[in-house]
Amino acid sequence: MMAGVPAKDPKYLKEIERSRRDLRALISTKNCAPIMLRLAWHDAGTYDSKTKIGGPNGSIRHDHELRHSANSEEVKTRHPQITYADLYQLAGVVAVEVTGGPTIDFVPGRKDSEVSPEEGRLPDANQGAKHLRDIFYRMGLSDKDIVALSGGHTLGRAHPERSGFEGAWTKDPLKFDNSYFKELLESDSDPDLLKLPTDKALVEDPKFLRYVELYAKDEDTFFRDYAASHKKLSELGFIWP
Ligand code: HEM
C-alpha cells in the first residue's frame with residue numbers, strides 16, 4: 001500500500017524547505033553526514049528496474065539500527081507530513097552539500113511503501129566487478145554511475161560491529177571531495193585507510209578504471225557526474241506526480 005503525497009501542494013513544498021533547514025543544522029551539529037548518506041543509498045539501492053519493486057520508498061525505516069544512528073526520527077517528528085521516502089533522500093542530498101560536495105537537485109513527491117524489500121538486494125563488499133554490475137544494472141544504472149556513486153565513500157567509515165570491516169576510506173571522512181579516487185590510485189597509500197574488495201574492483205576493471213582516473217584528476221568532473229548519478233539513484237522508480 002502506498003501513501004499519497006501532495007507533492008505540488010505549496011504547503012508540502014514549504015515543509016520540505018523547513019525540513020531541509022533542520023537537516024542542515026542536525027547534520028552539521030551531530031556530524032552524521034556519512035550515516036545519512038548511507039541511509040539514503042540503502043533506501044534507494046533496493047530498486048529492481050524489471051519488476052519496478054523497491055527504490056527510494058522509505059522502507060529502510062524498518063531497519064532500526066541505521067535509522068536510529070542517523071538521528072532522522074528527530075526531523076520526522078518535527079515534520080510528520082513529509083514522507084519517509086522524501087525525508088531520507090533529502091537527508092542524502094543535504095549530507096553531500098554540507099560536507100562540501102556538489103549541489104544535487106531534489107524533487108519531492110516520493111511515496112512510502114509499507115513493504116520491506118527482500119534481503120540481499122544491496123551489494124556485497126566481498127565481491128568484485130561482475131557483482132557490482134549485476135546489482136547496479138538491476139537498478140538500471142551504468143558503469144559511470146557505479147564509479148561516481150562509489151565516490152560516496154569519501155564520507156564515513158566502516159565499523160567492525162556492523163560490517164566486519166574497519167576504517168575510513170580517506171583522511172578526512174567528513175569532507176566530500178575526490179580523495180577517495182586519489183587514495184584508490186595511490187600505490188603506497190596509508191595502510192590504515194580502507195579499501196573494500198568492491199573498491200579495489202574499480203581499479204582492477206579497465207572500464208571502471210577510466211572513470212577512477214578521470215575523477216582523481218578532475219574534481220569538477222567528479223562533482224558534476226556524482227550529482228547526476230545521485231539524482232538518478234534518488235529517483236529510481238519515481239513517477240512524478
Ligand atoms: C559504508 C559497502 C556503495 C555510502 C559502507 C560500509 C560498507 C559499504 C561495507 C561499512 C558499513 C559499516 O561498517 O558501518 C558498500 C558497497 C558498495 C557501496 C559494497 C557498492 C558499490 C555506496 C554508495 C554510497 C555509499 C553508492 C553512497 C552514494 C556509504 C557511506 C558509508 C558507507 C557514506 C559510511 C557510513 C558511516 O560512516 O557510518 N559501505 N557501499 N556506499 N557507504 Fe557504502
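Here is how the numbers come out for the structure above:
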| read-out | value |
| --- | --- |
| Close pairs (9 angstrom Cβ cut-off, 6 or more residues apart or separate chains): over 13 Å from E219 (Cα atoms) in region 172-192, basic (K, R) and assigned to a loop (DSSP other than H, G, I, E, B) anywhere | E183/K171; E183/K195; L184/K195; S189/K195; D190/K171 |
| Test: residue in region 144-154 that is near the ligand (Cβ under 9 Å from one of its atoms), at pLDDT 95 or above, in a loop (DSSP other than H, G, I, E, B) and under 16 Å from the mean Cα position of the chain (by Cα) | no |
| Extreme residue, farthest from the chain's Cα centre (by Cα), among residues of region 10-27 that are under 15 Å from G109 (Cα atoms) and either outside any helix (DSSP H, G or I) or of a type in the set (A, V, I, L, M) (or both) | L13 |
| P173 vs. criteria assigned to a loop (DSSP other than H, G, I, E, B) and surrounded by 14 or more Cβ atoms within 10 Å (Cβ to Cβ) | yes |
| Top-ranked residue of region 85-117 - restricted to ones that are in a loop (DSSP other than H, G, I, E, B) and acidic (D, E), ranked as nearest to the ligand (Cβ to nearest atom) | D105 |
| Index of the failed condition, N57 passing every other in (1) in a helix (DSSP H, G or I); (2) more than 21 Å from G151 (Cβ to Cβ) | (1) |
| Test: residue in region 184-192 that is within 28 Å of E65 (Cα to Cα), near the ligand (Cβ under 10 Å from one of its atoms) and either at pLDDT below 95 or in contact with a helix residue (DSSP H, G or I) (Cβ under 9 Å, 6 or more places away or on another chain) (or both) | no |
| Which listed residue is of a type outside the set (D, E), within 20 Å of Y226 (Cβ to Cβ) and within 17 Å of the chain's Cα centre (by Cα), from P123, P108 | P123 |
| Candidates G167, G120, filtered to the one that is more than 8 Å from the ligand (Cβ to nearest atom), farther than 27 Å from G100 by Cα and not acidic (D, E) | G120 |
| Where F208 falls short, out of the listed (1) more than 17 Å from the chain's Cα centre (by Cα); (2) more than 30 Å from K8 (Cβ to Cβ); (3) surrounded by fewer than 18 Cβ atoms within 10 Å (Cβ to Cβ) | (3) |
| Search result, residues across region 212-241 that are among the basic types (K, R), within 18 Å of T99 (Cα to Cα) and within 13 Å of the ligand (Cβ to nearest atom) | K231 |
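The values are calculated or read from the model by the stated rules, or taken from the named source; none is laboratory data. Values in this document were obtained by computation on a predicted structure and should not be read as measured data. Every residue, glycine among them, receives a Cβ derived from its backbone with ideal geometry; neighbour counts consider all protein chains shown.
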